[in-house]
Amino acid sequence: MGAFACRRTDGPWSGLPNRPMLDEHWTELMPRYVLTAFPSTSFAGLVDAGVAVGWLHLAAAFTKRSFLGKAWLTVSTFDLISKAAAGNPLAPHLLAAIVKS
């Protein structure tokens, strides 16, 4: 079974390399966890990055936005705090995209 990870290519995500797929540039930043158990309609604009698992048609998010009360909540599982992530030049740009989403 194959899987592919992708991300948005508009807004603050547009300046990141290799759109829309996540490839070797993202190796040190890839999440250890995924976000699941939400309707697939959430992928219509509230999921900024995620993964789909081939023929199973299972989708999970790495970064998801939700409206909570009077504000937006953004949850991300990208690894931005490990030593490997600190050495990746993409990390500060990814963090900026997540914060601006």
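Residues in the range 2-14 that are more than 12 Å from the chain's Cα centre (by Cα) and either on the phi > 0 side of the Ramachandran plot or modelled with pLDDT of 85 or more (or both): Asp10, Gly11, Pro12, Ser14.
Return a yes/no flag: does the range 45-58 have any residue that is surrounded by 14 or more Cβ atoms within 10 Å (Cβ to Cβ) and not in a strand (DSSP E or B). Scanning the range 45-58 turns up at least one residue that is surrounded by 14 or more Cβ atoms within 10 Å (Cβ to Cβ) and not in a strand (DSSP E or B). For the range 6-36, the set of residues classified as assigned to a helix (DSSP H, G or I) and not small (Gly, Ala, Ser) consists of Pro12, Trp13, Glu24, His25, Trp26, Thr27, Glu28, Leu29, listed by residue number.
Please verify whether the range 5-18 includes one or more residues that are surrounded by fewer than 18 Cβ atoms within 10 Å (Cβ to Cβ), aliphatic (A, V, I, L, M) and free of Cβ contacts under 8 Å to residues at least 60 places away in the same chain. No, the range 5-18 has no match at all.
The values are calculated or read from the model by the stated rules, or taken from the named source; none is laboratory data. As the structure is a computational prediction, the values presented were derived from the model and not from experiment. FYI the Cβ positions are ideal-geometry reconstructions off the backbone, even for glycines, and counts take in every protein chain you see.
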